[in-house]
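Single-structure report; data block below.
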Amino acid sequence: MSIDAGTLVTLSEWAIRIAAVIVVPQRRAPAAARSWLLLILFVPYAGLALYLMIGRPRLPPWRHRRAAELATLRAGEGAAESEVSRFAAAVGAWPPSAGNQLTFHPDYEECVTRLIADIDQASHSVDMLAYIFASDRIGERVAAALRRAQERGVTCRVLFDPVGSARWRGRTQRLLARSGARYRQALPLRMLKGFTRRDLRNHRKLYLVDGRIGWIGSQNIVAPDFRPGIVNRELMVRAEGPLVVQMQVQFDTDWCLESGEDMPPRPADPPPAGDAVAQLLPSGPDLPVEAFQSLLVWQLHRAEQRVVIVTPYFIPDTDLLAALRSAVLRGVEVHLLLSHVMDQPLVGLAQRSYYGELLAMGVMIHRFPHYLLHAKNLVIDERLAIVGSSNIDLRSFQLNLEINLLLLDDGSVRQVAAIQRDWLEESEPLLADEWRQRPFRQRIVENIARLFDSLV
């Protein structure tokens, strides 16, 4: 009995659908599983092709093995531990570090100027890890500082993400080659030695000078107005003290993963430089636990008075939504400071699809006007602050390699809270009645975008 082509296509489509029901939900958030299953249900062949390309958020096995080997150098003595720091150490492997001096830099150009001044004072090493390293006016200024450092005999290394820097990648490599700095691409798009998905990215920002000064936060090596009509606002932290050793070892780990080099010996801790207590929290698909997401959800459930979250991209999962709702029901003030200016239309539409639900549960939404507020930070009860590279979305939770700084002393937390207050004063509250009056067609587009943004 022969089977005609139409029947064969129908049978193969149903085979894809049935297989998807078995495979897709494994180790995946319910929202993501639903989105993939809907896509494969309606367009089986296209859905299967897309799933094979970007549907499995895992790095190649060799990277997991190599990362585990390199991570042995993370362990070390830490400061007196709190409940938060013990949890963070369990999911991120770094202990808390006391005796640090931290300064906070919300001014974009001032941050670049100070970073270049630090590079110009370097005596033996400069290491930079950025999601974007552009060949524009900011990249050229930084590359010129690297060239001056190289001429003094300073060893300079740069790690940049090839997808984040795609617009400038060739020019950036030529710019860095002229500076004399050694450079590597983070998570290069290999077809051999294990395929790496294009959307699994190293989104970290770490800039280190002589192993004694470290920068961490949200700011890339690119002009603030690199997107036409959009100007970024950021927050970076400049650190001196024992914390910088953790930052240096983290950079060395990422560098050695890409270069194949052996890890250098762990540097000795420098003497105390201040009173700040902080802890490095890496996260990403190379770690067994979704570190940042786990910590955030847990701390929201522990909040007692006030939570302020600043992020440019907010796509919550069910656990995060439940934690926010629980906090509001307990009488906690929950403030979301989001950018009104959006640079990624799909993400912006998906983000807005949650506003009605958030407002209805009692979350206060503030929209920052005129600029893309690209900073990523939060304060809980003025006892814990986090500043770093992680957005509050599925991409940062599950796909990107991120790096965040937990601030555990009162003085540092107050400084972040003060910066947030300045931003809140500039922002405009979103009212529930106003939001309900938006056009029906806008709601439809937002809900469609919400489905596709869950495909991780």
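Our summary gives the chain a relative contact order of 18 percent, counting only alpha carbon pairs under 8 angstrom and 6 or more residues apart. Gain on full extension, evaluated as 0.36 nm per residue between Val289 and Thr7 minus their Cα-Cα distance, stands at 97.1 nm. The simple spin-label model puts a point 7 Å past each Cα toward its Cβ; for Arg227 and Arg266 those points are separated by 4.0 nm. When both bridge partners sit in the chain, DSSP labels roughly 60% of those beta bridges antiparallel.
How do the peptides 277-288, 404-415 rank, highest first, by the average count of neighbouring beta carbon atoms within 10 Å per residue?
Details: 277-288: 23.1, 404-415: 20.8.
Packing order, densest peptide first, comes out as 277-288, 404-415.
For the chain, a simple Cβ point-charge model (Lys and Arg +1, Asp and Glu -1, everything else neutral) yields a dipole of about 1540 debye relative to the Cα centre. From the square roots a ≥ b ≥ c of the eigenvalues of the alpha-carbon gyration tensor of the range 254-342, which class results: rounded (a/c under 1.5), prolate (a/b over b/c), or oblate? Prolate, because a/c is 1.5 or more and a/b exceeds b/c. What the Cβ-Cβ distance of Glu382 and His340 gives, at R0 = 22 Å and to the nearest 0.05, is a FRET efficiency of 0.25. Between the range 225-286 and the range 128-160, the C-alpha centres lie 16 angstrom from each other. The modelled label-to-label distance for the pair Ala166/Arg306, using points 7 Å beyond Cα in the direction of Cβ, is 4.2 nm.
Once all protein chains are placed together, Arg352 keeps about 50 Å² accessible to a 1.4 angstrom probe. Note on Glu428 and Arg137: the model spin-label points, each 7 Å out from Cα along the C-beta direction, lie 2.9 nm apart. Using only protein heavy atoms and a 1.4 Å probe, report how much of Asp393 is accessible, in Å² to the nearest 10. In the full protein context, Asp393 sits at about 10 Å².
The values are calculated or read from the model by the stated rules, or taken from the named source; none is laboratory data. All values reported here derive from a predicted model rather than from experimental measurement. Note that we place each Cβ from the backbone using ideal geometry, even for glycine, and neighbour counts take in every protein chain shown. Surface areas here come from the heavy atoms of the whole protein model, side chains and all, with no ligands, DNA or RNA. Shrake-Rupley method; radii C 1.70, N 1.55, O 1.52, S 1.80 Å.
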